[in-house]
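Encoded as structure tokens, the structure appears first; notes follow it.
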Amino acid sequence: MRALLPFVLAAGLAPAVAQNPAAVPLGSVVAAPFTDLRWQTRSLRELGDRPATVVFFTTLECPLVQRYLPRLSDLARDYASQGVVTLLMNVGPGDGFVDAVGQVADQVPQAVFGKDFELAFARACGVDRTAAALVLDHEGRIAYRGRVDDQYGYTGSRQRPTRDDLRLALDDVLAGRPVVVAETMISGCKITPPAAVAGDASVTYTRDVAPILQRHCTPCHRPGGEAPFALLDEAAVEKHAEMIAETVVQGRMPPWYASSAHGAFANHRGLGPAERDTVLAWVRGGMVSGDPQHLPPPPPVPPPGFRIGEPDLVLSLKAPVRLPADGIVPYQYFILPHRFEQDTWVEAIEILPDNKRVLHHCNLARVKWGEKFSQQGFITGYVPGGDPMVLDAGSAIRIPAGTVLALQAHYVTTGQPEVDRIRVGLRFPRQPVQKEVKIAIVADFKFEIPPGAMAQRVAASRTLPEDAVGIGMFVHMHLRGRDMKVLAELPGGDQETLLLVPNYNFDWQQSYRWAPGSRTFAKGTRLEAIAHFDNSKWNPFNPEPEATVRFGLETTDEMMYLFLFWMAQHEQLGLDVDPATGTVRG
């Protein structure tokens, strides 16, 4: 026991104690706000008229939380049909936001996620330990506070619990009777309040902050960039300083939506802890300017036009698209005025609208002459937060002879008449092409999402026909899309999670690229995409919670797509491509 005690204390654990009922008595109404998976400030009453709500307090590292998550998953699934909502509230001050959401999406997908940044919600519940569970009645009053059960403790566990305290309390509340045992002892990690970053007048903009912003922020926060305002000079940064501080603390910026628990991606975005604390120390320390000689050179201004560089071929719509001031614009379909008479190889391709305000997203596909747009010929897309397709040297997309390029464009109105004209730029290879880039599409077109469903599961799979080298992935859903997980089941039966996007954002869709050559798959690997959709009123962006939702093209419909970009591992084409035409010489 003496040998174990230092480990227990080092883990942040202490002997179990009951909560202080005098601080927050049973029967108190919990009305404190918290943050949902979309970084929206929410309250429990927004969950609607529910017979009961279960709340469970978590961190990413507490071992007792980890042991009880499977039990919470079973409970959330078993009681959902009775209208019970299970809310997992993360109270870990150092837990990355997306990773905290990922814990719920991965292990308790039927639950609702909450983040308690300042611990106001925990205090309102009278809770100071993780693994604490509450049952709130239909009026939001605390009917039970305590453990899930008595199976797991700090230094050991029983073979099975002697009493399922949480379930029994929940059954009492649902039956409308007093909870027999309304409060129990809690074994859990002591909740640590978030450490305030102190202001530091020695941290300056010119020496410390400007380099961080140039690395992570100004690629988007610049004139013509995708962000709503520029951050190229000190005055602009000071103007938005408090907002910058809030977004970096909460992990909203820079935007990145993949859980770090699964996969490593070459295009990962995000500030490290030291960079985040530097920005906060500067804001809290009075935003000291510093020595102008320490200011780094201004970042290069991207030239106007295509991000892929000067294209070898530019295809443009024959006529501009004229849009009304308001209303819903149906999907627009266009054929670009160029027929490829020979197989043409492309190493970079970009869709570029003249008016970025009105084009929400656009898909590009290769189709046979005379045929309509088809997703089966998909090459690339234009989406909020996306990048143009730029392939590694020696690899290329093939546009077959006799085909044309077709566009599927989704336009939005802005309150005034608008005009746009889409161009597509293609850059041809400068080196011999050894591998053809292929795209595996994993999708479901026959799902139904019933009204009010908070976590409707939709899944689809596809098997790779040969040994493959993975390039990267892209996932796509609409406004009800909540999360998507991508699994690889190897021919021997082993399974690996390739990607988890736990808080999908329709307005910022990004690709997830592996380092070149780092990700391989054996022939017969089965790819499975598992998504959850929130068609309830809890989803603040749900356009019609009362509707049954199916696959469709409009934003008010839904989609479930995984795109895997890959190459045949053993392919060596050795094609000598003319960089002026993209066709094979000789």
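The values are calculated or read from the model by the stated rules, or taken from the named source; none is laboratory data. Being a predicted model, the structure only gives us computed values, none of them experimental. Counting neighbours? That spans all protein chains shown, and the Cβs are built from the backbone with ideal geometry, glycine included.
Please tell me if V279 is in a helix (DSSP H, G or I), outside the structural domain of G92 (by TED's automatic domain parsing) and at pLDDT below 95. Outline the logic, then answer.
Details: in a helix (DSSP H, G or I): yes; outside the structural domain of G92 (by TED's automatic domain parsing): yes; at pLDDT below 95: no.
Taking the combined requirement at face value, the residue does not satisfy it.
Given (1) of a type in the set (V, I, T); (2) in a loop (DSSP other than H, G, I, E, B); (3) surrounded by 17 or more Cβ atoms within 10 Å (Cβ to Cβ), identify the lone condition not met by V173.
(2)
Any chance you could count how many residues in region 211-234 are in a helix (DSSP H, G or I) and under 27 Å from the mean Cα position of the chain (by Cα)? Talk me through it step by step, then tell me what you get.
At the first step, the residues of region 211-234 found to be in a helix (DSSP H, G or I) are 211-216, 234.
Those still in the list that are under 27 Å from the mean Cα position of the chain (by Cα) too: 211-216.
The qualifying residues number 6.
Give the residues of region 264-300 that are surrounded by 11 or more Cβ atoms within 10 Å (Cβ to Cβ) and within 30 Å of L426 (Cβ to Cβ), sorted by residue number.
Residues of region 264-300 surrounded by 11 or more Cβ atoms within 10 Å (Cβ to Cβ): 264-271, 275-290, 294-296, 298-299.
Matches in region 264-300: F265, A266, N267, H268, R269, P299.
Name the one entry in T155, T162 that is touching a helix residue (DSSP H, G or I) at 6+ places or on another chain (Cβ under 7 Å), of a type in the set (S, T, N, Q) and either farther than 14 Å from Y68 by Cβ or in a helix (DSSP H, G or I) (or both).
Numbers: T162 fails: touching a helix residue (DSSP H, G or I) at 6+ places or on another chain (Cβ under 7 Å).
After applying the criteria, what remains is T155.
Listed residues V135, V65, V104; which is among the aliphatic types (A, V, I, L, M), closer than 20 Å to R163 by Cα, assigned to a helix (DSSP H, G or I) and in contact (Cβ under 8 Å) with a residue 60 or more places away in the chain? Lay out the reasoning, then the answer.
Details: V135 fails: assigned to a helix (DSSP H, G or I); V104 fails: closer than 20 Å to R163 by Cα.
One residue alone meets the criteria, V65.
Please find, within region 237-292, the residue that is farthest from K115 (Cα to Cα) out of those that are among the polar types (S, T, N, Q) and over 25 Å from the mean Cα position of the chain (by Cα). So that I can check it myself, show each step before the final result.
First, pick out the residues of region 237-292 that are among the polar types (S, T, N, Q): 247, 250, 259-260, 267, 278, 289.
Checking the rest, the ones that are also over 25 Å from the mean Cα position of the chain (by Cα) come to 278, 289.
Values: T278: 23, S289: 34 Å.
Here the answer is S289.
Can you pull out every residue in region 228-253 that is in contact with a Ser or Thr (Cβ under 9 Å, 6 or more places away or on another chain) and not acidic (D, E)?
A230, L231, L232, Q250, M253
Please state which of the following conditions T192 fails to meet, knowing it meets all the rest: (1) assigned by TED's automatic domain parsing to the domain that holds T278; (2) part of a loop (DSSP other than H, G, I, E, B).
Result: T192 passes all but (1).
Please work out which residue is farthest from the chain's Cα centre (by Cα), limiting yourself to region 485-498 and to residues that are within 16 Å of A443 (Cα to Cα) and surrounded by fewer than 21 Cβ atoms within 10 Å (Cβ to Cβ).
The extreme case among them is A488.
Which residues, taken from region 514-568, are among the hydroxyl-bearing types (S, T, Y) and not in a strand (DSSP E or B)? Break it down into steps so the answer makes sense when it comes.
Residues of region 514-568 among the hydroxyl-bearing types (S, T, Y): 518, 520, 525, 536, 548, 555-556, 561.
S518, T525, S536, T548, T555, T556, listed by residue number.
Name the single residue that is surrounded by the most Cβ atoms within 10 Å (Cβ to Cβ) among those in region 119-143 being aliphatic (A, V, I, L, M) and over 20 Å from V181 (Cβ atoms). Reasoning before the result, please.
Our first condition is that a residue be aliphatic (A, V, I, L, M); within region 119-143, this holds for 119-120, 122, 124, 127, 131-136, 142-143.
Next, only the ones that are over 20 Å from V181 (Cβ atoms) stay: 119-120, 122, 124.
Working: L119: 19, A120: 12, A122: 23, A124: 19.
Among those that are aliphatic (A, V, I, L, M) and over 20 Å from V181 (Cβ atoms), it is A122.
Take the residues of region 293-347 that are polar (S, T, N, Q) and either over 16 Å from R366 (Cα atoms) or in a strand (DSSP E or B) (or both): which is nearest to the chain's Cα centre (by Cα)? Talk me through it step by step, then tell me what you get.
We begin by selecting, within region 293-347, every residue polar (S, T, N, Q); these are 293, 316, 332, 342, 344.
Subset that is either over 16 Å from R366 (Cα atoms) or in a strand (DSSP E or B) (or both): 293, 316, 332, 344.
Numbers: Q293: 39, S316: 33, Q332: 28, T344: 35 Å.
So, considering only residues that are polar (S, T, N, Q) and either over 16 Å from R366 (Cα atoms) or in a strand (DSSP E or B) (or both), the one nearest to the chain's Cα centre (by Cα) is Q332.
Is one or more of the residues making up region 435-447 more than 26 Å from the chain's Cα centre (by Cα), in contact (Cβ under 8 Å) with a residue 60 or more places away in the chain and either within 20 Å of I308 (Cβ to Cβ) or not in a loop (DSSP other than H, G, I, E, B) (or both)? Steps first, answer last, please.
Just the residues of region 435-447 that are more than 26 Å from the chain's Cα centre (by Cα), to begin with: 435-436.
Pick out the ones that are also in contact (Cβ under 8 Å) with a residue 60 or more places away in the chain and you get 435-436.
Subsequent filtering for residues that are either within 20 Å of I308 (Cβ to Cβ) or not in a loop (DSSP other than H, G, I, E, B) (or both) retains 435-436.
Within region 435-447, one or more residues are more than 26 Å from the chain's Cα centre (by Cα), in contact (Cβ under 8 Å) with a residue 60 or more places away in the chain and either within 20 Å of I308 (Cβ to Cβ) or not in a loop (DSSP other than H, G, I, E, B) (or both).
So V424 passes all but one of these: (1) within 27 Å of the chain's Cα centre (by Cα); (2) part of a strand (DSSP E or B). Which condition number does it fail?
(1)
Considering only residues that are free of Cβ contacts under 8 Å to residues at least 40 places away in the same chain and either among the polar types (S, T, N, Q) or touching a strand residue (DSSP E or B) at 6+ places or on another chain (Cβ under 7 Å) (or both), which ones fall in region 245-292?
T247
Which of the residues belonging to region 56-91 are under 15 Å from F117 (Cα atoms) and of a type outside the set (F, W, Y)?
So in region 56-91, the residues under 15 Å from F117 (Cα atoms) come out as 57-60, 88-91.
Those that are under 15 Å from F117 (Cα atoms) and of a type outside the set (F, W, Y): T58, T59, L60, L88, M89, N90, V91.
Does region 168-213 hold any residues that are of a type in the set (D, E, K, R) and in contact with a Lys or Arg (Cβ under 8 Å, 6 or more places away or on another chain), and which are they?
So in region 168-213, the residues of a type in the set (D, E, K, R) come out as 171-172, 177, 183, 190, 200, 207-208.
Passing the criteria: E183, K190, D200.
Of everything in region 138-152, what is part of a strand (DSSP E or B) and either at pLDDT below 95 or more than 15 Å from A31 (Cβ to Cβ) (or both)? Give them in sequence order. First the steps, then the outcome.
Applying the first criterion (part of a strand (DSSP E or B)) to region 138-152 yields 141-146, 152.
Within region 138-152, A143, Y144, R145, G146, Y152 meet the criteria.
On the basis of being more than 23 Å from the chain's Cα centre (by Cα), in contact (Cβ under 8 Å) with a residue 40 or more places away in the chain and surrounded by fewer than 21 Cβ atoms within 10 Å (Cβ to Cβ), does Q456 make the cut?
On the way: more than 23 Å from the chain's Cα centre (by Cα): no; in contact (Cβ under 8 Å) with a residue 40 or more places away in the chain: yes; surrounded by fewer than 21 Cβ atoms within 10 Å (Cβ to Cβ): yes.
Considered against the rule, which asks whether it is more than 23 Å from the chain's Cα centre (by Cα), in contact (Cβ under 8 Å) with a residue 40 or more places away in the chain and surrounded by fewer than 21 Cβ atoms within 10 Å (Cβ to Cβ), Q456 comes out as no.
Does region 446-463 contain at least one residue that is among the aromatic types (F, W, Y), over 18 Å from Y382 (Cα atoms) and touching a strand residue (DSSP E or B) at 6+ places or on another chain (Cβ under 6 Å)? I'd like the intermediate steps shown before the answer.
Narrowing region 446-463 to residues among the aromatic types (F, W, Y): 447.
Narrowing the set further to residues that are over 18 Å from Y382 (Cα atoms) leaves 447.
Narrowing further to those that are touching a strand residue (DSSP E or B) at 6+ places or on another chain (Cβ under 6 Å): 447.
Yes: one or more hits.
Hey, does region 198-212 have a residue that's crowded, with 18+ Cβ neighbours inside 10 Å, at pLDDT 95 or above and under 20 Å from G96 (Cα atoms)?
Yes, region 198-212 contains a residue that is crowded, with 18+ Cβ neighbours inside 10 Å, at pLDDT 95 or above and under 20 Å from G96 (Cα atoms).
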